[in-house]
Amino acid sequence: MITAVAEDAARAGWRVTVVTSARGYIRDETYPAFEEHDGVSIHRVGGARSNRHSIAGRLANYLSFVVASGWKLLRLPAPDCFVVTSSPPFSLALGWGFKLLHRSPFVFVAEDLYPEIAVASGILPAGSATAKLAGWLFGSWLRCASAIIVLGEHMKGRLLASHPRLEPNRLVPIDNWHDGRLLMPLNRTATLPVRVQYSGNFGQGHDFSTLVDALEKLRGDARLCFQFVGGGRRRPWLEAEVKSRALANCSFHNYVPEAELNASLNAADLCLVTVARGFEGLLVPSKIYGVMAVGKPVLYYGALEGDVPALIRRHNIGWVIEQGDSTSLARVLTEIAACPEQLAALGANARRAFDAHYDRPLATARYLQVFAQTAKS
């Protein structure tokens, strides 16, 4: 997402410099140390190459990136507006340090909330000294930000609840988005079997137990097939459950390159989205905007509160099922299999809402407005 912001800022006449990792996220790619891309100067730094699926490995990668990027930033001119994102979480310390060193105002883009996610995942025990110290540190860094971009009103509420000393007017909700020129509906009528797809990250903040129990109840229903595309810490568990329960109507696929994403999403008739209970407001799955861009309805199951279920209800683009209610999830899937024609109207609603609210130019313009106001300050 931040790539699109940088590109559109450069097109708008901003001089944009990006410091990022030389290592790819999905595969073990390595990129050049420097390049110019669409008017954006990109500096890439090295760092630890530990196993990102382990806590210790991920922490080593985070900290080494912060050190390497901090060293690179010291050798670059001070910006008018410094932007840091929550990936990795400790990047927020760079904004704090830069403000002290250069008095440069900074914007923090909170795509996920830390350390709250670490507590919700069980990585940090709730109420522990470590969790309290992390909360105090992040709160101190956050209060130094000129503006904090969050991914919705519910995330704003969670952040203010965790850090009541933050000034609410500094928090700016901006929904995530996708590029409607790259993702678009392809003509395809839903027929049997109905293809139900989960595409993206299989992370700790997603619930798959409810889904597996629903699949068990749907055993033998040849009108439905399930595609799982992507990777993450929870995918091996899901694959093992599908295998041990002998659920034959499921297939697993690796992440697809960006150039193939439109075709991959359009292969589905219905797309699954989930946010596990306890993670509502801490993260917002960006996959839902890609699903809307290709005009597919959404079947959401998980926490009933949060920005995602509110979006689905507001635009009438699918169903919302509570986490743990596998009976209702199976019932909705059975009803869809009995009448797949109902999917077309919901899919049309999804693309219509996408065009009106979640296309790339709309969102990046809001980001640039925040940056301009910050630079003036």
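The values are calculated or read from the model by the stated rules, or taken from the named source; none is laboratory data. As the structure is a computational prediction, the values presented were derived from the model and not from experiment. Glycine also receives a Cβ, built like all others from the backbone with ideal geometry; neighbour counts cover every protein chain displayed.
Residues that are of a type outside the set (A, V, I, L, M) and either modelled with pLDDT under 95 or under 13 Å from Phe90 (Cα atoms) (or both) were ranked within segment 112-123; the one that is nearest to the chain's Cα centre (by Cα) is Asp112. Scanning segment 15-62 for residues that are of a type in the set (Asp, Glu) and closer than 19 Å to Glu258 by Cα, we see that the one that is modelled with the lowest pLDDT is Asp28. I'd like to check something: does segment 189-200 contain any residue that is out of contact with any Phe, Trp or Tyr (no Cβ under 7 Å at 6 or more places or on another chain) and under 29 Å from Ser91 (Cβ atoms)? Yes: segment 189-200 contains one or more residues that are out of contact with any Phe, Trp or Tyr (no Cβ under 7 Å at 6 or more places or on another chain) and under 29 Å from Ser91 (Cβ atoms). Got at least one residue in segment 9-28 being more than 20 Å from the chain's Cα centre (by Cα), assigned to a helix (DSSP H, G or I) and closer than 17 Å to Asp112 by Cβ? Scanning segment 9-28 turns up no residue that is more than 20 Å from the chain's Cα centre (by Cα), assigned to a helix (DSSP H, G or I) and closer than 17 Å to Asp112 by Cβ. Of all residues in segment 176-207, those satisfying the criterion of being under 20 Å from Gly152 (Cβ atoms) and either of a type in the set (A, V, I, L, M, F, W, C) or part of a strand (DSSP E or B) (or both) are Trp177, His178, Gly200, Asn201.
Considering only residues that are buried (at least 16 other Cβ atoms within 10 Å of the Cβ) and either under 30 Å from Ala375 (Cα atoms) or of a type outside the set (S, T, N, Q) (or both), which ones fall in segment 53-71?
Step one: list which residues in segment 53-71 are buried (at least 16 other Cβ atoms within 10 Å of the Cβ), which gives 58-62, 64-66, 68-70.
Listed by number, the residues that qualify are Arg58, Leu59, Ala60, Tyr62, Ser64, Phe65, Val66, Ala68, Ser69, Gly70.
So, in segment 90-144, of the ones that are outside any loop (DSSP other than H, G, I, E, B) and among the charged types (D, E, K, R), which residue ends up surrounded by the fewest Cβ atoms within 10 Å (Cβ to Cβ)? Looking at residues that are outside any loop (DSSP other than H, G, I, E, B) and among the charged types (D, E, K, R), I get Lys132.
In segment 121-141 there is at least one residue that is under 30 Å from Pro257 (Cβ atoms) and not assigned by TED's automatic domain parsing to the domain that holds Asp307. Taken over segment 145-172, the residue count meeting the criterion of being of a type in the set (A, V, I, L, M, F, W, C), within 16 Å of Glu305 (Cβ to Cβ) and outside any loop (DSSP other than H, G, I, E, B) is 5. Report whether or not Leu151 is touching a residue at least 60 places away in the same chain (Cβ under 8 Å), crowded, with 19+ Cβ neighbours inside 10 Å and touching a Pro at 6+ places or on another chain (Cβ under 9 Å). So Leu151 fits the description; yes.
For beta carbons closer than 7 Å, sequence separation of 6+ or different chains, a first residue in segment 254-283 that is closer than 16 Å to Leu346 by Cα and in contact (Cβ under 8 Å) with a residue 40 or more places away in the chain and a second that is surrounded by fewer than 18 Cβ atoms within 10 Å (Cβ to Cβ) and hydrophobic (A, V, I, L, M, F, W, C), the qualifying pairs are Asn266/Leu186. Can you find even one residue in segment 284-291 that is outside any strand (DSSP E or B), among the basic types (Lys, Arg) and out of contact with any strand residue (DSSP E or B) (no Cβ under 8 Å at 6 or more places or on another chain)? So far as segment 284-291 goes, no, none of its residues is outside any strand (DSSP E or B), among the basic types (Lys, Arg) and out of contact with any strand residue (DSSP E or B) (no Cβ under 8 Å at 6 or more places or on another chain). Inside segment 164-189, residues that are over 22 Å from the mean Cα position of the chain (by Cα) and crowded, with 19+ Cβ neighbours inside 10 Å make up a count of 0.
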